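K.L.:
Sharing a structure with you now.
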Amino acid sequence: MLNVAFPLFPRALLTGISGPCEMLHAAELLVRTRPGKRHENWARLNLLRVSETRRAMPLTGGMRVVPDKTFATIEQPDWIVVPPIWGNPFPTVHQQMALRLWLKECYQRGSTIIATGTSVCFLAEEGLLDDIPVTTHWYFFERFRKRYPHLELNTRQFITYGENIYCAGSINALSDLILYLIEQRYGNTITRIVERHFSHEINRSYEKPFFMHGSNQHHDEDIVRAQEWCHDQWQQEITIDDLARIAGLNSRTFTRRFKNATGLTAVQYLQALRLNRSAELLKDTNLSVSDIAQIAGFRDLNYFTRLFKRHNDVTPGEYRKIVRAKLFYLPEA
């Protein structure tokens, strides 16, 4: 059993609970109903709302949610998803001492914690964010930095990770993070289906959406300059020599440093960029598939179609129908 706990407390933002619950439940349902698949040995997903008592908890929007368990009766959670706090977080953080102590105890026993927005303050108050990268909602950056000057606040990333703690700066960032976790548990196919059902913009940012020490977030300015040029010139014919010249490097050095910095070859990076741009054009314009292939730099329509399907599991035409109709699409096994 994979136990996922959602703590309830006054002023908790309901969408920080309902969204992840629905996405995770959909993934679990999909993986168990796909024809030809067997999951007898799969650890079942158990989604639980938890609070200090079993009384219905008033959340944002006038909604009240009844907990499934209390802090004292719930089994050790594998994941804990802490929703954002609406408004000024500090009164809630000070009042919810039982929640803070429960989070600390679960973390020390091995739980992974996912905190969104200002709910990271629960963890900061208990010293759980020391020595790891942290983020929070952008509106709260200055107040957070002033209150916790010793913490490593990352204002450039929407999601951070360190020592089994994820921090998401917003509900949108939380959605990307949940997709990433779904991908880790269920694989690419299920993840793409869930993404298409809940959000028709397929930006694939969930593949590794967070900053962590030692990750592929890099500071090679020469390579960054080449990447930025790719984003500006993606419709043009681009060679390795072109990119190396922009970076001010010889081709061999550029190729090595690009792979070290991004984890991809320059060809793979440019190909993925063009496919993502093609997906945007399919969604937002009435251009024909052939025209979009030409715009994206693919001279052979059949090759473009095969490559797009390999990348997205559907053909360009099928993709257009899915994202415009927001259909729940289930590929054949």
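K.L.:
Identify all residues within the stretch 142-180 that are out of contact with any helix residue (DSSP H, G or I) (no Cβ under 7 Å at 6 or more places or on another chain), modelled with pLDDT of 90 or more and within 14 Å of Gly19 (Cα to Cα); write none if there are none.
P.N.:
Once the filter is applied, which keeps residues that are out of contact with any helix residue (DSSP H, G or I) (no Cβ under 7 Å at 6 or more places or on another chain), modelled with pLDDT of 90 or more and within 14 Å of Gly19 (Cα to Cα), the stretch 142-180 yields only Leu177.
K.L.:
Picking from Glu318, Glu237, Glu280, which residue would you name as being among the acidic types (Asp, Glu) and assigned to a loop (DSSP other than H, G, I, E, B)?
P.N.:
One residue alone meets the criteria, Glu237.
K.L.:
Does Leu273 fit the bill of being within 26 Å of Ala226 (Cβ to Cβ), part of a helix (DSSP H, G or I), among the aliphatic types (A, V, I, L, M) and modelled with pLDDT of 85 or more?
P.N.:
So Leu273 fits the description; yes.
K.L.:
Here's something else I'd like to know. Which members of the stretch 86-139 meet the condition of being within 19 Å of the chain's Cα centre (by Cα), of a type outside the set (Gly, Ala, Ser) and part of a helix (DSSP H, G or I)?
P.N.:
If the condition is that a residue be within 19 Å of the chain's Cα centre (by Cα), of a type outside the set (Gly, Ala, Ser) and part of a helix (DSSP H, G or I), then Thr118, Val120, Trp138 are the ones that fit.
K.L.:
Could you list, ordered by first residue, the pairs with Cβ atoms under 9 Å in which the first is in the stretch 160-179 and free of Cβ contacts under 8 Å to residues at least 60 places away in the same chain and within 15 Å of Val194 (Cβ to Cβ) and the second is among the aromatic types (Phe, Trp, Tyr) and outside any strand (DSSP E or B), at least 6 apart or interchain?
P.N.:
Asp176/Phe158; Asp176/Tyr206; Asp176/Phe210
K.L.:
Okay, next question. Before we move on, is Glu75 free of Cβ contacts under 8 Å to residues at least 24 places away in the same chain and out of contact with any helix residue (DSSP H, G or I) (no Cβ under 6 Å at 6 or more places or on another chain)?
P.N.:
So Glu75 does not fit the description; no.
K.L.:
Something else now. Output the residues belonging to the stretch 157-170 that are under 25 Å from Val31 (Cβ atoms) and within 10 Å of the chain's Cα centre (by Cα).
P.N.:
Ile159, Ala168, listed by residue number.
K.L.:
Same structure, new question: Could you tell me whether Trp86 is in contact with a Phe, Trp or Tyr (Cβ under 6 Å, 6 or more places away or on another chain), modelled with pLDDT of 90 or more, closer than 23 Å to Ile178 by Cβ and assigned by TED's automatic domain parsing to the domain that holds Leu8?
P.N.:
Criteria not met by Trp86.
K.L.:
Among the residues of the stretch 25-47, write down those that are closer than 30 Å to Pro58 by Cβ, in contact with a helix residue (DSSP H, G or I) (Cβ under 9 Å, 6 or more places away or on another chain) and either among the charged types (D, E, K, R) or modelled with pLDDT under 95 (or both).
P.N.:
Passing the criteria: Ala26, Ala27, Glu28, Leu45.
The values are calculated or read from the model by the stated rules, or taken from the named source; none is laboratory data. Fair warning: this is a prediction, and the values are worked out from it, not measured in the lab. Note that each Cβ is placed from the backbone with ideal geometry, even for glycine, and that neighbours are counted across all protein chains shown.
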